[in-house]
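For reference, the structure is listed below as structure tokens.
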Amino acid sequence: PGERIAAVRFSGVASEEDMAQKELALREWMAGQGLRAAGPPRYARYDPPWRVPFRRRNEVLIPVQ
């Protein structure tokens with residue numbers, strides 16, 4: 001089934017600290033837009049470890065009510 005997702009995309013090596021910072025920024029943006037989370041965040045790292053770091057794509061995804 002479909003769902004609404006708030007997402008932030010970024011490049012580089014995604015450490016746990018990076019993911020936490022991006023999640024916080026996304027939650028702040030959601031609050032400013034009047035959006036409420038409908039579940040826990042998901043973290044997506046799309047590229048293999050041998051990919052050049054600045055070309056790696058990552059996302060933090062939070063379902064929205």
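Restricting to region 39-56, name every residue that is open to solvent by 60 Å² or more (accessible area, probe 1.4 Å) and either at pLDDT 95 or above or under 22 Å from Gly2 (Cβ atoms) (or both).
Initially, region 39-56 is screened for residues open to solvent by 60 Å² or more (accessible area, probe 1.4 Å), giving 40, 42-43, 45-46, 49-55.
Correct list: Pro40, Arg42, Tyr43, Tyr46.
Pull out all pairs, ordered by first then second residue, where Cβ-Cβ is under 9 Å, the residues are six or more apart or on different chains, the first lies in region 5-27 and is open to solvent by less than 80 Å² (accessible area, probe 1.4 Å), and the second is among the aliphatic types (A, V, I, L, M) and outside any strand (DSSP E or B).
Ala6/Leu26; Ala6/Met30; Ala6/Leu35; Ala7/Leu26; Val8/Ala25; Val8/Leu26; Lys22/Ala14
The values are calculated or read from the model by the stated rules, or taken from the named source; none is laboratory data. Everything numeric in this text was worked out from a predicted model, so none of it was measured. Virtual Cβ from ideal backbone geometry, glycine too; neighbours counted across all protein chains shown. Areas reflect the complete protein model, heavy atoms only, side chains present, ligands, DNA and RNA absent. Shrake-Rupley method; radii C 1.70, N 1.55, O 1.52, S 1.80 Å.
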